[in-house]
Each structure stands twice: as C-alpha cells, then as structure tokens.
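Below: the structure, in structure tokens.
The values are calculated or read from the model by the stated rules, or taken from the named source; none is laboratory data. Everything numeric here is computed off the predicted structure, so don't read it as measured data. Cβ coordinates were reconstructed from backbone atoms using ideal geometry, including for glycine residues, and neighbour counts include every protein chain displayed. The protein model used for the area step is the full one, side chains on, heavy atoms only, and it has no ligands, DNA or RNA in it. Shrake-Rupley method; radii C 1.70, N 1.55, O 1.52, S 1.80 Å.
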Amino acid sequence: NAGVTQTPKFRVLKTGQSMTLLCAQDMNHEYMYWYRQDPGMGLRLIHYSVGEGTTAKGEVPDGYNVSRLKKQNFLLGLESAAPSQTSVYFCASSYSGVQTQYFGPGTRLLVL
Amino acid sequence: DQQVKQNSPSLSVQEGRISILNCDYTNSMFDYFLWYKKYPAEGPTFLISISSIKDKNEDGRFTVFLNKSAKHLSLHIVPSQPGDSAVYFCAARSTSGTYKYIFGTGTRLKVLA
C-alpha cells in the first residue's frame, strides 16, 4: 500500500517547455487534488477532481491543465512553463470531500 | 485575501514545555478545521481535526481548541518533543459550494533539546 505517489520528484524546465506531473493513489479515493506550495503562501489549490472523468478549477488554475482518465491517477500538465511556476507541487487524495486528505511527497519544479 | 492566517512564521520551544500554534480565519462558513504537520522533503500529514460544533478535541499530546466567536483556533502540544519540529499548517473547509480546504501559510516549530 504505497498511498499517494508523485512522479517525478524533481525537474528542471526551460521557459516554454511542457511537462506532465503524475499522481497515483492506491486507496480507491474518489477525490484528488493538486496544490502548489510557495514560500509565505501556504498550500494553494490548483485543480481538483471529484471522481473519474471530472475536473474543476481551484484557486490558482491559470497555466495548468489536468486530467483524470483513471480513478487512481490525476495528471497535472504545464503546456508552456513560466518561471512563476517554479514551486513545490503536492498531490492529495481523499475518500470524499469531507474526509481527511492524504498527501504525496511532492514534486519540486524549477523553471529557468 | 487570506481567509486562513497563521501570523507566526516560526516558534521555538524548549523540550518538555508546551507549544501553542495559532490560526485565525475570516470566513464564518468554515465548519471543519484541521492541522497538518510537514517535515522537509515530505508531504503534509494529517495531525488532528475539529468540527465547528465542538470547542476542543484531544489526541494524546495534541489538543486543538476552537473559539468560533473569535474565529480562532490553536494547537497545543504538551509536552513538546524534538521530533515535533516541523512546519504546521492549519486548514479550514467551507460547506458552501464545494468541499475545498483553505490552508494557512504555516508555522515552523523548532523544539530545542
């Protein structure tokens, strides 16, 4: 039982490059979330999903896209990376919207 | 507009003493509050929660107090241990609309041996 895993752990991108961050959970959770953490800003919700095939915008969705084709996976895409997207990205999942969220270990992204 | 605020970015406490971490919120629709603990290079892990129908919840060395009239909650750790050194985030959930959590900016606790 791995819980929530994130791939990759660390990545360096050049401005304008694209990439996809993968989040996987093996707890059969319905809800999945993508957050970013920046110094002095706490965790901010980018996008979330309330079930397979659904996605919704969070607080800071601009510049990101997501997909939830399978219940266990939640992908976060950056189509054209910008230095402002340098951050640590956390994925989380929960059984329902009212249940505790379980977090992955994070992906550190540096955009030059 | 920061709806959940942790005004102390850091706190140092001697081992064995009490640690008190504070959190203020502005949205009266918040009905559920949580504390998460985060070690470096790891994701946050759930610590303790409290519903708005209660004013206190206790779990071992950790107690969370909620003062709804002041829109304030606090986490007490007694006794503090060096392993408690971490960043602590409070989070709040509103049932109006969607079940999303709003996180505070975190307080870094250092417990000195």
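Taking the criterion of being surrounded by 14 or more Cβ atoms within 10 Å (Cβ to Cβ) and at pLDDT below 95, no residue of the range B:54-67 qualifies.
Residues that are touching a Ser or Thr at 6+ places or on another chain (Cβ under 6 Å), among the small types (Gly, Ala, Ser) and within 16 Å of B:LYS38 (Cβ to Cβ) occur in the range A:41-57; there is at least one. Cβ-Cβ contacts under 6 Å between residues 6 or more apart (or on different chains), taken from a first residue in the range A:29-40 that is free of Cβ contacts under 8 Å to residues at least 60 places away in the same chain to a second residue that is assigned to a strand (DSSP E or B) and surrounded by fewer than 20 Cβ atoms within 10 Å (Cβ to Cβ), are listed as A:ARG36/A:ARG44. Only one of the listed residues (A:LEU69, A:LEU110, A:LEU75) is open to solvent by 10 Å² or more (accessible area, probe 1.4 Å), closer than 20 Å to A:GLY3 by Cβ and either in contact (Cβ under 8 Å) with a residue 24 or more places away in the chain or more than 14 Å from the chain's Cα centre (by Cα) (or both). That residue is A:LEU75.
Tell me whether the range B:10-19 contains one or more residues that are of a type in the set (S, T, N, Q), within 14 Å of another protein chain (Cβ to nearest Cβ) and over 25 Å from A:GLN99 (Cβ atoms). Steps first, please.
Kept after step one, since they are of a type in the set (S, T, N, Q), are these residues of the range B:10-19: B:10, B:12, B:14, B:19.
Subsequent filtering for residues that are within 14 Å of another protein chain (Cβ to nearest Cβ) retains B:10.
With over 25 Å from A:GLN99 (Cβ atoms) added as a condition, the list becomes B:10.
Yes; the residues of the range B:10-19 include at least one that is of a type in the set (S, T, N, Q), within 14 Å of another protein chain (Cβ to nearest Cβ) and over 25 Å from A:GLN99 (Cβ atoms).
Residues of the range A:86-98 include none that is in a loop (DSSP other than H, G, I, E, B), touching a residue at least 24 places away in the same chain (Cβ under 8 Å), under 18 Å from A:MET19 (Cα atoms) and touching a Ser or Thr at 6+ places or on another chain (Cβ under 7 Å).
Conditions tested, residue by residue: (1) more than 22 Å from B:PRO44 (Cα to Cα); (2) among the aromatic types (Phe, Trp, Tyr).
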residue: A:VAL12; (1), (2): yes, no
residue: A:TYR35; (1), (2): no, yes
residue: A:VAL60; (1), (2): no, no
residue: A:ASN65; (1), (2): yes, no
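Select from the range B:43-53 the residues that are open to solvent by less than 70 Å² (accessible area, probe 1.4 Å) and not in a strand (DSSP E or B) and write down the one among them that is nearest to the other protein chains (Cβ to nearest Cβ). This residue is B:GLY43.
From A:TYR48, A:TYR35, A:TYR64, grab the single residue that is surrounded by 14 or more Cβ atoms within 10 Å (Cβ to Cβ), farther than 20 Å from B:PHE89 by Cα and touching a strand residue (DSSP E or B) at 6+ places or on another chain (Cβ under 7 Å). Talk me through it step by step, then tell me what you get.
Details: A:TYR48 fails: farther than 20 Å from B:PHE89 by Cα; A:TYR35 fails: farther than 20 Å from B:PHE89 by Cα.
Exactly one of A:TYR48, A:TYR35, A:TYR64 is surrounded by 14 or more Cβ atoms within 10 Å (Cβ to Cβ), farther than 20 Å from B:PHE89 by Cα and touching a strand residue (DSSP E or B) at 6+ places or on another chain (Cβ under 7 Å), namely A:TYR64.
In the condition set (1) open to solvent by 40 Å² or more (accessible area, probe 1.4 Å); (2) free of Cβ contacts under 8 Å to residues at least 60 places away in the same chain, B:ALA86 is compliant with all but (1).
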